[in-house]
1. Would you mind finding the one in L278, L270 that is exposed (fewer than 11 other Cβ atoms within 10 Å of the Cβ), more than 21 Å from A99 (Cα to Cα) and aliphatic (A, V, I, L, M)?
2. For region 1-29, enumerate the residues that are outside any helix (DSSP H, G or I), under 22 Å from the mean Cα position of the chain (by Cα) and more than 13 Å from the ligand (Cβ to nearest atom).
3. Name the single residue that is nearest to G238 (Cα to Cα) among those in region 97-109 being at pLDDT 95 or above and within 15 Å of the ligand (Cβ to nearest atom).
4. Quick one: would you say V94 is under 30 Å from A196 (Cβ atoms), modelled with pLDDT under 95 and of a type in the set (V, I, T)?
5. Here is a list: L221, L189. Which entry is within 25 Å of the chain's Cα centre (by Cα) and either modelled with pLDDT of 95 or more or part of a helix (DSSP H, G or I) (or both)?
6. Got at least one residue in region 115-130 being at positive phi, within 16 Å of the ligand (Cβ to nearest atom), buried (at least 17 other Cβ atoms within 10 Å of the Cβ) and not basic (K, R)?
7. Suppose the filter is surrounded by 13 or more Cβ atoms within 10 Å (Cβ to Cβ), farther than 23 Å from R312 by Cβ and acidic (D, E); does E220 pass it?
8. When you scan region 60-87, how many residues do you find that are near the ligand (Cβ under 10 Å from one of its atoms), assigned to a loop (DSSP other than H, G, I, E, B) and touching a strand residue (DSSP E or B) at 6+ places or on another chain (Cβ under 7 Å)?
Amino acid sequence: VLMKNYGHVPVMVERCLELLAPGVADGSIIIDCTVGMGGHSEAILRRFPSVHLLGIDRDSEALEIAKERLRPFGDRFEPFHTTYDQVGEVADSVGGKVAGILMDLGVSSYQLDQDERGFAYSRDTYLDMRMDTSKGISAADLLRTASQGELARILHVYGEEKFAGKIARALVRKRETEPLTRSGQLAQLVRECIPAPARRKGGNPAKRTFQALRVAVNNELTILEDALPAALESLRVGARLVVESYQSLEDRIVKQAFKDASTSGAPPDLPVVPEELLPNFKLVFTGAQKADATEQSSNPRSAPVRLRAIERVSEGRQ
Ligand code: SAM
């Protein structure tokens, strides 16, 4: 598929299409839970000419760009400005079960690169970090109000940051003398907290702190945990949920939710599992798939991706 570049190259797009294809029939509905710049959405609308696509994004700016891009598809694309844990309500708005659901987690390159919202440690802007700037509190407000313990916990849990305690202490000390509101200030402070040998390893030392604050500000993991069962519930038999994660915390949540959904509720020592205890879902493949070497080198953003897919195989009890 040859597509115009909207500042974000969709990851493993061909694989996503292949995985969604078996669920698609004439007049099917697919939900893209993370429309972003509309890269995957456009590919889906092109590949499956009879599909109607419902597109969710919590970032209204992204949704506006996607709407413009997908205008040629007319009413085959319907945007929803909300978080993806509302996927069940979105499916209900068109009468219930759908033929496929895609989730391409995290932030878009557009949010990272073009934007004045403080997502990027490489640009000096106001530390907002909210994907939906109409709700919740900014990263700057979080840094101003959270206790040292809370900050340390956020950096440790959401950033898997080894120097979480040290950075939290430095943040609290700093804010006593000046307000911490800029990404440049934060990147500098983190750099000063991380010992030189650790600084030389890996990428930018501020990466984990920025990730942690973003996850906290946007409540990303809780929303994901709520969204996965809702998405599974919204699939009709034969339909698949495809999820692309970019960090281990997200992938762990996806892996666990898929495991729970695809394992039988029967005790392990039952010789024959009764029909009503068989799981309603099966993994399309075991483990997670990665982008191939060619894609990884042409689009570095695809390097960390972990793709998982699950299919509804029976109606089950509801
Ligand atoms: N697949 C898109 C493309 O090809 O252009 C890029 C998607 S980008 C990686 C992820 C998008 O999901 C961002 O636009 C972000 O605003 C959105 N997003 C992240 N968390 C969300 C949530 N909890 N609810 C709804 N949208 C979310």
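The values are calculated or read from the model by the stated rules, or taken from the named source; none is laboratory data. A quick note: this is a predicted structure, and the numbers were derived from the prediction, not measured. In this analysis, Cβ positions are derived from the backbone assuming ideal geometry, glycine residues included, and neighbour counts consider all displayed protein chains.
1. Details: L278 fails: exposed (fewer than 11 other Cβ atoms within 10 Å of the Cβ).
Criteria check complete, one pass: L270.
2. I29
3. My answer is G100.
4. Values: under 30 Å from A196 (Cβ atoms): no; modelled with pLDDT under 95: yes; of a type in the set (V, I, T): yes.
In short, no.
5. Details: L189 fails: within 25 Å of the chain's Cα centre (by Cα).
When all the criteria are applied, what remains is L221.
6. Yes, region 115-130 has at least one match.
7. On the way: surrounded by 13 or more Cβ atoms within 10 Å (Cβ to Cβ): yes; farther than 23 Å from R312 by Cβ: yes; acidic (D, E): yes.
So E220 fits the description; yes.
8. First pass over region 60-87, keeping only residues near the ligand (Cβ under 10 Å from one of its atoms): 60-63, 65-66, 69, 80-87.
So of that shortlist, the ones also assigned to a loop (DSSP other than H, G, I, E, B) come out as 82-83.
Filter again for touching a strand residue (DSSP E or B) at 6+ places or on another chain (Cβ under 7 Å), leaving 82.
Qualifying residue count for the region: 1.
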